[in-house]
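Data first, discussion second: the structure below is written as structure tokens.
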Amino acid sequence: MPSLSQVLKPLDPSNSQPLYQQLQRAIREAIEKKVLEPDDALPAERQIAAELAVSRITVRKAIDGLVEEGLLVRRQGSGNFVASRIEKNFAKLTSFSEDMRARGRTPHSVWLRRAEGKVTPEEALTLQLSPGAPVYRFHRLRYADDAPMCLEFATISAACLPGLEAVDTSLYEALEKAGNRPVRALQRLRALLLNAEHAKLLHAHEGDAGLLVERVGFLRDGRAVEFCQTFFRGDTYDFVAELSSAGE
């Protein structure tokens, strides 16, 4: 692989953006453009620092942030690598499309269902809606490049979107345009075995390991806008979260 100084945008010490953030952005763009491919090894941190004329502290801080995002992985005794499996930070509220683009993958979806209906009792309780309130349901098979990654079943309060047609490739982009993108969420992760229908759609086998993520997204004023259940293949996704002690 060419040296990082040859493939990354040059860093500008006079820029108001800190050097470590410039380096993060440069590596992120190299991954998005597939200049850096999955499983590619990065040079040693001291070598990166020498090539780019920055301190090792700057390099370490940049790489720490990209590891936290799931774009890079550290392998004990081997160094830093571009992630091959999808690592999703469980503490960051980002859309599937945003996650895939950040990893140099091309997201797209196959619609399974897109319909307007009335809230079910479970949805009414979760979204804090009155019985019979209108909702939009978006059921999709989500792809990264040509690989099926997950099945997404989202229910959105109809008051938060102008209509079904508002959602094209990204639900969160549509909600953002409508001024109703969630700013926080409660998520629950559960292991399960894929049933026959889900396994067929995900190109897996019935009984294979899967992951279910249930998410309730909230607006700044505390209203629930989104109830989403997403089924992932267990062999393609890792969910990570940074923890700290209660005393910190």
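Key figures for this structure:
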quantity: The range 119-136: number of residues that are in a strand (DSSP E or B) and surrounded by fewer than 16 Cβ atoms within 10 Å (Cβ to Cβ); calculated: 1
quantity: Residue within the range 125-137 that is touching a residue at least 40 places away in the same chain (Cβ under 8 Å) and within 30 Å of Gly234 (Cα to Cα) present; calculated: yes
quantity: Tally, over the range 63-86, of residues that are of a type in the set (D, E, K, R) and either crowded, with 16+ Cβ neighbours inside 10 Å or outside any strand (DSSP E or B) (or both); calculated: 4
quantity: The range 190-233, residues that are among the small types (Gly, Ala, Ser) and farther than 20 Å from His139 by Cα; calculated: Ala191, Gly207, Ala209, Gly222
quantity: Cβ pairs under 7 Å, 6+ apart, first in the range 48-62 and closer than 16 Å to Asn80 by Cβ, second open to solvent by 80 Å² or more (accessible area, probe 1.4 Å); calculated: Ala49/Arg56; Arg56/Arg46
quantity: Asn195 modelled with pLDDT of 95 or more and surrounded by 14 or more Cβ atoms within 10 Å (Cβ to Cβ); calculated: no
quantity: Qualifying positions in the range 11-35 - open to solvent by less than 70 Å² (accessible area, probe 1.4 Å), of a type in the set (Gly, Ala, Ser) and modelled with pLDDT of 90 or more; calculated: Ala26
quantity: Qualifying residue in the range 113-121 (condition: in contact (Cβ under 8 Å) with a residue 24 or more places away in the chain and aliphatic (A, V, I, L, M)); calculated: yes
quantity: Residue identified as assigned to a loop (DSSP other than H, G, I, E, B) and out of contact with any Pro (no Cβ under 8 Å at 6 or more places or on another chain) among Glu173, Glu206, Glu214, Glu152; calculated: Glu206
quantity: Enumeration of residues in the range 87-118 that are farther than 18 Å from Val225 by Cβ, in a strand (DSSP E or B), open to solvent by 30 Å² or more (accessible area, probe 1.4 Å) and among the charged types (D, E, K, R); calculated: Glu87, Arg113
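The values are calculated or read from the model by the stated rules, or taken from the named source; none is laboratory data. If you're wondering where the values come from, they're calculated on a predicted model, not measured in any experiment. Methodologically, a virtual Cβ is constructed for each residue, glycine included, from the backbone with ideal geometry; neighbour enumeration extends over all protein chains shown. Keep in mind that these areas ignore ligands, DNA and RNA; they rest on the heavy atoms of the full protein, side chains included. Shrake-Rupley method; radii C 1.70, N 1.55, O 1.52, S 1.80 Å.
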